[in-house]
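First up is the structure itself, then whatever we jot down about it.
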């Protein structure tokens with residue numbers, strides 16, 4: 001739920017910018033897919049420019065949201081239990 005709220009906030013923050021949730025994302029000829037390890041993400045995308053915790057309504061840690069800059073887009077990847085749980089592109 002918090003991830004959905006955060007995504008709405010991100011879209012509002014970028015105004016007219018578009019947002020797109022995906023099950024996979026291509027890094028050249030290699031593909032990151034929901035369920036892949038955080039290690040594979042770092043191998044493909046490098047070090048994130050920002051990491052933020054994702055908490056439930058009680059403040060308990062649920063996941064991390066990693067931010068990457070790719071060309072003219074921002075890529076947000078949610079990591080839960082060491083695996084890619086969600087991939088969002090913001091244009």
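We did not get these values from a lab; they are worked out from the coordinates using the rules stated. All of these numbers come straight from a predicted model, not from anything done at the bench. Every residue, glycine among them, receives a Cβ derived from its backbone with ideal geometry; neighbour counts consider all protein chains shown.
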Self-check item: Modelled FRET efficiency - R0 41 Å, residue 61 with residue 29, Cβ distances, 0.05 increments
Solution: 0.75
Quiz prompt | Descending principal axes extents, region 39-91, alpha-carbon based, whole Å | solution = 36, 23, 16
